[in-house]
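Structure first, commentary second.
Any read-out appearing in this document is the output of simple, stated calculations on the displayed coordinates, not a laboratory observation. None of these values were measured; they are calculated from a predicted model. Don't worry about glycine lacking a Cβ; one is built from the backbone with ideal geometry, like all the others, and counts go over all protein chains shown.
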Amino acid sequence: MKTFGIDINALAREQITGTERYVASVLDEMMKIQLLDNERVVLYASRQVFNDISLPSGWEVKILKWPFKKGWTHIRLSLELFLRTPYVFFSPAHEIPFLTGRTKIVFTVHDIAFHLLPNIYSAKDGRRQEWSVKRAIEKATKLITVSETTKHDLVEHYGVDEARIVATPLAIFPDKFRVSDEEKWRVKEKYHLGEKAFVLSVGRIEKKKNISMLIRACKKAGQECLLAGSFGFGEEKIKEQIADSHGLVETLGYVPDKDLPGLVANAFAYVFPSHYEGFGIPALEAMAAGVPLIASDIPALREVAGDAALFAQPNREDEWVEALMKIRRNEDLRNTLIEKGYERISHFSWPKTAEQTWHILRSV
């Protein structure tokens, strides 16, 4: 019997972001693909992450309880893999445990922003991510990346053999973001949006996401902006800027998944000013919701959005001011971007990503 062990402990986190959505979505689609006669899947987590879900035949969840806040991966999961070693261990969103037995390892690298732009991370977080990726490069049989951009970065900056890396682009479920007028109104009422013509940014409010530049650009353009997400590295400066924006920039805190489609659909435009991304799921969400996209002119967002976005250099505040003014004044441009966005999202599919992932796991 060939056992595939998958670390799904990312789903035990209370706040779900892009990485957790990747794990949940690709896992859901992988479950729809029939196992072969000699295959079984064991999902590892520190607590129950599925409620009222019936797993397919051959799939099981193994709850590895751990009483401490830290150490689950490198102690508790390590022990499990050492004592009951699967044929293949897949880590889609975490680190490789210290002990893995003689299992073959498949590891997903989401980005290497910590390596390319170390100043946008805390020193501690940067060191941890650098260690994690270097260890994955050393231990993994195959590396999965979420974009061709990250694949190229691994080859160029870490000298990884291209044959060891497979890019499996991320996706969304488009119908989730085609919301009704009633749902848009519910979210508008819940978050007291009123009749604001706001631009929206969803994600951690931190230095990596280039939020300081966005706030300055919105102030110069006189553009209302909503930031949905929890604060991260660099929050002190960002909070000062928000307080000094005279109400133009507001924060909503973490927005749960059930409210996200309605929030995106209410936006006048979606803004994605990041210094670096490994992929960029919010770009697809905006396009699916029929919302014009303004994005940083960086490789990953070019790869995702194609010609369905208005691009601006992440360090050129003047370009962002111009883009904000243009999207507000040019109705034809807005409509063109919306139509191109609808077409663009058809290139990305979770079922396809799941099929690619299964092919990788079965080929190692």
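The table for this structure:
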{"quantity": "Proximal lysines relative to Lys134, as straight alpha-carbon distance under 18 Å, when same-chain residues fewer than 8 apart are discounted", "calculated": "Lys104, Lys124, Lys142, Lys151"}
{"quantity": "Set of aspartates and glutamates near Lys176 by C-alpha distance (under 19 Å), chain-local residues within fewer than 8 positions excluded", "calculated": "Glu20, Asp28, Glu29, Asp257, Asp259, Glu285, Glu339, Glu343"}
{"quantity": "Nearest 10 degrees, 0 to 90: helix 350-363 Cα axis against the chain principal axis", "calculated": "30 degrees"}
{"quantity": "Partners for Lys219 among aspartates and glutamates (Cα-Cα distance below 13 Å; same-chain residues under 8 apart left out)", "calculated": "Asp244, Glu250, Glu317, Asp318, Glu322"}
{"quantity": "Over the chain, relative contact order from alpha-carbon pairs under 8 Å, at least 6 apart, %", "calculated": "16 percent"}
{"quantity": "Prolate/oblate/rounded label for the chain (Cα gyration tensor, a/c 1.5)", "calculated": "prolate"}
{"quantity": "Segment 1-59: GluC sites (Glu not before Pro) in DSSP loop, at most 11 other beta carbons within 10 Å", "calculated": "Glu14"}
{"quantity": "Interchain or long-range residues, amide H under 5 Å from Val41's placed H", "calculated": "Phe4, Trp59, Glu60"}
{"quantity": "Angle between the chain longest axis and helix 317-329 axis [Cα atoms, degrees, rounded to 10]", "calculated": "70 degrees"}
{"quantity": "GluC sites (Glu not before Pro) restricted to segment 121-165 and DSSP loop, no more than 16 other C-beta within 10 Å", "calculated": "none"}
{"quantity": "3J(HN,Hα) from dihedral phi, segment 62-73, Karplus parametrisation 6.51/-1.76/1.60, rounded to Hz, x for glycine, proline", "calculated": "10, 7, 9, 5, 8, x, 10, 6, 10, x, 4, 5"}
{"quantity": "In segment 191-247, the GluC sites (Glu not before Pro) that fall in loop regions by DSSP, at most 14 other Cβ within 10 Å", "calculated": "Glu195"}
{"quantity": "Stokes-Einstein D for segment 174-347, Kirkwood Rh over Cα pairs, 10 °C, 1.306 mPa s (µm²/s)", "calculated": "100 µm²/s"}
{"quantity": "Theoretical gain in end-to-end length, Glu195 to Leu55 [0.36 nm per residue, Cα-Cα removed]", "calculated": "46.0 nm"}
{"quantity": "Contour excess over end-to-end distance, with Cα ends at Glu331 and Arg362 and 0.36 nm allotted per residue", "calculated": "6.2 nm"}
{"quantity": "Net lengthening on full extension, Asn119/Glu236 (0.36 nm per residue, minus Cα-Cα)", "calculated": "40.6 nm"}
